[in-house]
1. Would you be able to tell me the number of residues in the range A:79-120 that are in contact with an Asp or Glu (Cβ under 8 Å, 6 or more places away or on another chain), more than 8 Å from chain B (Cβ to nearest Cβ) and either closer than 28 Å to A:L8 by Cβ or part of a helix (DSSP H, G or I) (or both)?
2. Only one of A:L105, A:L53 is in contact (Cβ under 8 Å) with a residue 12 or more places away in the chain and under 15 Å from the mean Cα position of the chain (by Cα); which?
3. Among the numbered conditions (1) crowded, with 16+ Cβ neighbours inside 10 Å; (2) at pLDDT 90 or above; (3) hydroxyl-bearing (S, T, Y), tell me where B:S272 comes up short.
4. Restricting attention to the range A:57-64, does a residue exist that is within 14 Å of chain B (Cβ to nearest Cβ), outside any helix (DSSP H, G or I) and either surrounded by fewer than 22 Cβ atoms within 10 Å (Cβ to Cβ) or in contact (Cβ under 8 Å) with a residue 60 or more places away in the chain (or both)?
5. Take the residues in the range B:201-230 that are not in a helix (DSSP H, G or I) and not polar (S, T, N, Q), then tell me which one is modelled with the lowest pLDDT.
6. Look at the range B:189-200 and say how many of its residues are part of a helix (DSSP H, G or I) and either within 8 Å of another protein chain (Cβ to nearest Cβ) or crowded, with 22+ Cβ neighbours inside 10 Å (or both).
7. Has the range B:255-266 got at least one residue that is touching an Asp or Glu at 6+ places or on another chain (Cβ under 9 Å) and in contact (Cβ under 8 Å) with a residue 60 or more places away in the chain?
8. Quick test for you: out of B:L169, B:L151, pick the one residue that is touching a His at 6+ places or on another chain (Cβ under 7 Å), hydrophobic (A, V, I, L, M, F, W, C), away from chain A (no Cβ under 14 Å) and closer than 25 Å to B:M34 by Cα.
Amino acid sequence: MAAVTTLLSTCGLSRHFGGLRAVENVDFDLPEGEIRALIGPNGAGKTTFVSMLCGRIPASNGKITFAGRDVTRMPAHKRVQMGIAYTFQITSIFAALSVRENVELSVQRRLGADRGQLGAASDALLERVGLLDRAEQVAADMAYGHQRLLEIAMGLGQNPRLLILDEPTQGLSDGEIADFIRLIREVARDTTVLLIEHNIDVVMALAQKITVMNFGAIIAEGTPEEIHANEAVQAAYLGG
Amino acid sequence: MSRALTFHIGAIIVLAVLQFILPVYHSGNLARIMVLAVYAMGYNVMFGYTGLLSLGHAMFFAVGMYGAGLSIRLFDMAAAPAFGIGIIASILFSLGVGLLALRTIGVAFMIVTLMFSQAIYLLILYFNPLTRGDEGFVIPQAVRQVAGFDLSDPVTRYFAALLLFAIALLGMVWLVRSRTGRVLVAIRENEERARMLGYDSWAHKLFAVVLSGTMAGAAGAAYGLLFGSVGASFAEVPFSILPLLYVLLGGPGTVIGPFVGTLFMFYLRDISSSFTDAHLLVAGIVLVLLTMYARRGIMGVVRERWAKWLP
């Protein structure tokens with residue numbers, strides 16, 4: 001294997017909301033090809049952190065480098081065009097459009113507006129997440145779990161270099177979670193994955209390394225075994 | 001040829017045939033309706049497809065109308081180049097309005113467009129010596145000629161209106177199925193998500209404003225040239241509300257809807273005013289009923305129930 005290169009890194013990244021330091025001085029490195037889990041108690045700053053990575057909210061301080069370029073001030077849509085895909089924690093789909101139209105919108109930036117090509121690519125994606133039989137349905141009419149899967153399909157549709165998944169398994173059944181784990185393993189062969197996840201089984205099954213945040217800062221980082229044994233992590237979760 | 005394209009070309013053919021069938025009074029009305037429908041279609045680009053609610057669209061109509069009208073009145077231009085000036089003025093003006101107004105969203109956007117439109121109206125009044133203010137001015141019949149065709153002749157006028165209408169209608173069929181058109185719908189449905197799929201939502205919204213304003217301006221310039229009158233009433237607030245009503249009635253986000261809405265409103269007024277002075281009351285009641293029972297407008301309901309393929 002070639003030398004591992006860093007795909008994404010942050011240096012002194014901070015975000016303040018008034019007096020609240022939601023994210024404070026975070027240095028973070030993500031090598032290409034890795035599946036990294038980002039965990040931490042509610043309010044630890046995980047979503048704020050990844051929102052700065054993909055450009056949904058601007059950083060107060062610090063620097064973000066993606067694929068060797070400083071993207072700190074780059075607008076969100078340009079970062080997405082560079083290959084950062086984000087799936088929302090709170091399901092954010094085109095509720096009034098059909099499931100297929102949703103996925104088509106995620107692939108048409110790459111493939112253009114050719115109906116046939118778009119349809120084929122979208123169906124392939126829907127097949128992968130198990131929603132093909134619901135392609136004609138209006139997205140808002142689907143069960144919550146299925147909307148989550150659609151959200152993931154739209155992330156994959158962009159063929160990203162970095163896929164950021166914000167609590168993707170929330171609301172999924174056990175069977176769907178098993179499928180999800182299989183899907184992400186497959187995706188990770190050519191995509192770097194950054195996963196915010198509360199379901200510890202999913203984290204243990206997927207992550208090569210885990211980063212733990214609390215109070216806006218990284219308190220631990222290591223392999224799943226290391227994190228499992230880490231006292232600071234235990235304290236953060238158990239409040240001890 | 002797709003069903004959608006066949007349907008819209010069919011509509012154009014029907015309109016062409018109607019000219020030979022309808023009595024003069026009604027074909028005259030229809031010419032007016034087709035021009036106003038272009039105005040409404042332009043409105044629909046912003047409101048129906050992109051989700052941008054403007055309360056000041058009369059400014060675009062007026063800029064096109066006065067762009068053409070003043071070129072004739074002040075510089076003795078011929079009709080065709082004057083129409084061109086009207087279009088160019090609309091493009092530049094809507095670009096300026098877009099650049100400023102799109103800094104706001106939602107209610108603020110509505111108010112900013114309303115205020116810009118009032119500013120245009122007041123400018124027209126202020127420069128009374130040039131524009132003849134409220135009174136307006138007439139474009140003489142001698143000037144309303146294009147390539148040997150007399151635009152004041154009812155038949156020529158009808159087909160000139162139909163030509164403009166057909167270009168706008170087929171342009172819309174093409175647009176809404178294009179890549180850009182789908183992104184506009186994506187922005188209407190969920191702008192944040194569209195941005196996070198890598199689409200430059202701001203640039204797309206600016207495009208929608210410019211296209212919308214230019215279509216409204218083209219309608220305004222055509223109205224002046226075809227019907228011969230240019231006046232400040234076309235820049236007033238009620239004239240900004242009209243296309244909103246047309247589109248709401250006909251079906252926001254449908255290609256043919258704005259025409260259906262314009263036709264419906266025009267005749268609603270025409271028929272009701274023959275037996276009551278309170279024709280606005282009738283229009284009001286119809287709108288209330290429509291919002292209560294058919295929120296997607298006439299063609300929106302048709303699409304939902306019978307013709308899912310309708311763009």
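1. 7
2. A:L53
3. It fails just one condition, (2).
4. Checking the range A:57-64: at least one residue is within 14 Å of chain B (Cβ to nearest Cβ), outside any helix (DSSP H, G or I) and either surrounded by fewer than 22 Cβ atoms within 10 Å (Cβ to Cβ) or in contact (Cβ under 8 Å) with a residue 60 or more places away in the chain (or both).
5. Looking at the filtered set, the residue picked out is B:G228.
6. 6
7. no
8. Unique residue meeting the criteria: B:L169.
The values are calculated or read from the model by the stated rules, or taken from the named source; none is laboratory data. Small disclaimer: the values here were computed from a predicted structure and weren't measured. Cβ: placed from backbone, ideal geometry, glycine included. Neighbour counts: every protein chain shown.
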